[in-house]
């Protein structure tokens, strides 16, 4: 199967659904800011009800696995690689 590329908006949507389920809120109530740092790698700041939470690279992968399985009907255990693209921002490559 060909490699699938998920853009920043898909990663944000996946993270919103992931956090919404954990916090028992609507996905629309979740705000996400994706980040990349040379020292710490990929992460995200998530805001729900004026509370901030920082997600690690592992949390983002977990969110993408949920998205792949439930919304894209793909294998959630496919290889997922987060990449910082000069033009597209943070993207996910799915093998």
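Side notes on the structure shown:
- Leading residue by the ranking (surrounded by the fewest Cβ atoms within 10 Å (Cβ to Cβ)) among those in the stretch 2-22 that are over 17 Å from residue 54 (Cβ atoms) and in contact (Cβ under 8 Å) with a residue 60 or more places away in the chain: 3
- For beta carbons closer than 6 Å, sequence separation of 6+ or different chains, a first residue in the stretch 69-95 that is touching a residue at least 24 places away in the same chain (Cβ under 8 Å) and a second that is assigned to a helix (DSSP H, G or I) and surrounded by 15 or more Cβ atoms within 10 Å (Cβ to Cβ), the qualifying pairs are 74/68; 89/8; 90/8; 92/11; 92/64.
- Entry remark, the stretch 62-95: residues being loosely packed, with under 14 Cβ neighbours inside 10 Å and assigned to a strand (DSSP E or B) number 4 in total.
- Residue within the stretch 23-38 that is at positive phi and either surrounded by 13 or more Cβ atoms within 10 Å (Cβ to Cβ) or in a helix (DSSP H, G or I) (or both) present: no
- In a residue-by-residue description of the stretch 41-61, the property of being surrounded by fewer than 18 Cβ atoms within 10 Å (Cβ to Cβ), in contact (Cβ under 8 Å) with a residue 24 or more places away in the chain and out of contact with any strand residue (DSSP E or B) (no Cβ under 9 Å at 6 or more places or on another chain) applies to at least one position.
- Filtered residue count, the stretch 18-36, keeping only those that are within 30 Å of residue 86 (Cβ to Cβ) and either at pLDDT below 95 or out of contact with any strand residue (DSSP E or B) (no Cβ under 9 Å at 6 or more places or on another chain) (or both): 1
The values are calculated or read from the model by the stated rules, or taken from the named source; none is laboratory data. Predicted, not measured: the structure shown is a model, and the values here were computed from it. All Cβ positions, glycine included, derive from the backbone under ideal geometry; neighbour counts span all protein chains shown.
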